[in-house]
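Report on the following structure.
The values are calculated or read from the model by the stated rules, or taken from the named source; none is laboratory data. All values derive from a computational prediction rather than experimental measurement. Don't worry about glycine lacking a Cβ; one is built from the backbone with ideal geometry, like all the others, and counts go over all protein chains shown. What goes into the accessible areas is simple: the full protein's heavy atoms, side chains included, and nothing from ligands, DNA or RNA. Shrake-Rupley method; radii C 1.70, N 1.55, O 1.52, S 1.80 Å.
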Amino acid sequence: MELLIVIYACKTSSARKIVAVIPYLPYSRQCKMRKRGCITAKLVAKLLFNAGVNHLITMDLHHKEIQAFFDCSVDNLRASPFIVQYILDNIPDYSNGIIVAKSPESTRRASSYADRLQLDIAVIHGEEKVGEEEYTDDGRSSPPPLVASTAAPIFSFDYPGNVPLTVPKIKPQIKVVGDVSGKIAMIVDDMIDEARTYLDAARLLKQEGATKVYVLVTHGILSGTAPEELNHSDAVDEVVVCNTTPVKHKLERCPKLKVIDVSIMIAEAIRRIHNGESMAHLYQNIRGDD
């Protein structure tokens, strides 16, 4: 809300151009309709645009298709060059490593890192979905009545039996697709919020013979007790995040946490936009599927 107020104040003060720098776009995970819920990421995009934003600078959107929600220019910067350089400089014997996608949905991102580092890829299959995707009867989704109502129907149709229900998905037992035995496992993703899924993945990788497990993500949200859970886990050796969100107070709670500074790329993006220069240099070697 404070950001929207500042943007609107600039707009009413006749600012020529308003550029919003939001390294981590809030509500970016709510970019798809779940059941009959709202698409909150689109609401955020509309609020920013209507408040007066002409250009948005962000980094590693949860889904790059979120850019289509905005009616203004969007620069979705990538943190992958910093993370790849960290792997090259700070992970000993990284050539004996393997890039791990903690879910099938993260395979494309993991493949991008694997291609740049010339490493193999493994996928964790069978990981449980987020809680809101599971069916819970809260009283609002009641089934149709079995007894016909005495009131006159607005419309009627002949259907043999009750309304058919969708067959529920049976989630397979969690397993690793790929050989991680004797290798350094590097889990890459765009953000880490709760630690449970990463801890489950790390324990499974250690059981399959991985010598070390690194977690490398762009946005270290780490809400609740996630820093303490990661620090107390024997399965996770190191957690690497970028400073797209405030993490200073979390370093004391999790000594395993390492921070990569990406401010130089954001500063360069601001300089180029202000001077009207091309942004192509910041997207070198970035393919359409990255």
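The table below lists the values:
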quantity: Any chance A20 is part of a strand (DSSP E or B) and at pLDDT 90 or above; calculated: yes
quantity: Verdict on A45 being touching a helix residue (DSSP H, G or I) at 6+ places or on another chain (Cβ under 6 Å), hydrophobic (A, V, I, L, M, F, W, C), part of a helix (DSSP H, G or I) and more than 14 Å from C242 (Cβ to Cβ); calculated: yes
quantity: Elements of type helices (runs of 4 or more DSSP H) contained in segment 191-290, each with 1 or more residues being open to solvent by less than 10 Å² (accessible area, probe 1.4 Å); calculated: 196-207, 226-232, 263-275
quantity: Filter result for K35 (at pLDDT 95 or above and basic (K, R)); calculated: no
quantity: Among the candidates A45, A51, residue that is open to solvent by less than 60 Å² (accessible area, probe 1.4 Å), among the small types (G, A, S), under 18 Å from the mean Cα position of the chain (by Cα) and more than 20 Å from R287 (Cα to Cα); calculated: A45
quantity: Residue in segment 117-131 that is of a type outside the set (A, V, I, L, M), at pLDDT 95 or above and either open to solvent by less than 10 Å² (accessible area, probe 1.4 Å) or farther than 21 Å from L204 by Cβ (or both) present; calculated: yes
quantity: All positions within segment 171-186 that are within 14 Å of D120 (Cβ to Cβ) and either part of a strand (DSSP E or B) or open to solvent by 10 Å² or more (accessible area, probe 1.4 Å) (or both); calculated: V176, V177, G178, D179, S181, G182, K183, I184, A185, M186
quantity: Subset of segment 75-121 (residues that are of a type in the set (D, E) and part of a loop (DSSP other than H, G, I, E, B)); calculated: D93
quantity: Selected residue (only one of Q85, Q67 is closer than 24 Å to V217 by Cβ, of a type in the set (S, T, N, Q) and either open to solvent by 80 Å² or more (accessible area, probe 1.4 Å) or touching a Leu at 6+ places or on another chain (Cβ under 6 Å) (or both)); calculated: Q85
quantity: Any chance I57 is at pLDDT 95 or above and within 20 Å of the chain's Cα centre (by Cα); calculated: yes
